[in-house]
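Have a look at the structure below, then the notes.
The values are calculated or read from the model by the stated rules, or taken from the named source; none is laboratory data. These numbers were taken from a predicted model, which means no experiment stands behind them. Cβ sites come from the backbone with ideal geometry, for glycine too, and all protein chains shown count toward neighbours.
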Amino acid sequence: MTPTPASRPLRRTAPVRLAAGVSALGLCVLAGCGTTLLSATSSTGTTSTTAAGTPATTVPINGEVAVAFPVVACTAPAEGGTPIKARSGWAPTILVAPVPTSLAGKVTFYTDGIHTVLGPTGWTCALVTSGSAAASGGQGSSPQATATTGQTPSTVATGPTSGQNGAIAAGDNATTLAVFPPNDPVPPVSGPPPPGTEGIFATWATTGTNAGVDLVCPFFAIPSWQSQSAGCSTAKPSGETTVALTPDVTQVTDPAGVVGSLVGSGGQSPSTGVVLFPQIPSAISYGSPIAVTMESCSLADPSLCPTVLSDFEVREFPVPGAGTGAA
């Protein structure tokens, strides 16, 4: 579960060593270092179609170092299910990642143009809407765009959260992407999905909102006034286990049948997830907004979850001092 330097995250706050590793890989490909990213190899590539209709070949690099995987645009149900356009104007159709080459054709990247998650190929990705976010028919402001590390106490937004799925319930105070099976009769795109819902759910918020505080308070130390103001509980659900992978990253596991902190938990298979909270002492003490995020992997076949969560950690790994609030 330790972040892998070879990945190329979309966020500008990624560690410098990651960007350097990707640059080195790119130079090697351009210089012809005995391997070509998308050329024919001894492994058989697969082809899929992106949201823009462009075929994207996924062929392992010689030596099976990394794979180029297709990228599919998530949709906005509140806007008629249209693909979400990248705000930056950069909409890649493939991304190179240190994902096992045996998964080529089995996993795909899904993005809303700001955030990117890995999930099973052929599934659907959508923005989860609730409250005023659903009513306005849009994403609202990006939580990461407003997070800061200043030392002025924040005013936590009012409105109750609800333990599990609290960040999703906040709607306009958080951004959540859901990757779920196609033709789902009850797609988890409006409000918190019920326990046992199969899918991959990633939420981004800040500790300047109830959604962000509710997301991190069971797993990290925060000022008592802040948790009380948000109405969140630091008590962990019975049966749920946590492991601190680093001071900024906590792994969460909800066994089968346990409705815990993870979205979709409570099904017939265990749910696993990670919570990321950059540990900036001064900002935490003053309750200043810090960008936080959580991903839950609740799949009928949980064998993909370690890879999905590992990729998420690399893309979202906090870098204090590098602008934790940048998108």
Per the filter on the stretch 66-83, residues surrounded by fewer than 21 Cβ atoms within 10 Å (Cβ to Cβ) and in a loop (DSSP other than H, G, I, E, B) are Gly80, Gly81
Quick check on the stretch 128-145. Is at least one of its residues within 21 Å of Leu276 (Cβ to Cβ), under 18 Å from the mean Cα position of the chain (by Cα), modelled with pLDDT of 90 or more and buried (at least 23 other Cβ atoms within 10 Å of the Cβ)? yes
Those residues of the stretch 76-120 which are among the aromatic types (Phe, Trp, Tyr) and touching a residue at least 24 places away in the same chain (Cβ under 8 Å) amount to Phe109, Tyr110
| query | If we scan the stretch 176-196, do we find a residue that is in a strand (DSSP E or B), buried (at least 24 other Cβ atoms within 10 Å of the Cβ), at pLDDT 90 or above and hydroxyl-bearing (Ser, Thr, Tyr)? | reply | yes
Can we say Val314 is over 25 Å from Pro193 (Cα atoms) and touching a helix residue (DSSP H, G or I) at 6+ places or on another chain (Cβ under 8 Å)?
yes
Scanning the stretch 84-127 residue by residue, those more than 18 Å from the chain's Cα centre (by Cα), at pLDDT 85 or above, within 23 Å of Cys297 (Cβ to Cβ) and buried (at least 16 other Cβ atoms within 10 Å of the Cβ) turn out to be Leu103, Ala104, Gly105, Lys106
Restricting the stretch 273-294 to residues that are out of contact with any Asp or Glu (no Cβ under 8 Å at 6 or more places or on another chain) and closer than 21 Å to Pro195 by Cα, the one surrounded by the fewest Cβ atoms within 10 Å (Cβ to Cβ) turns out to be Val275
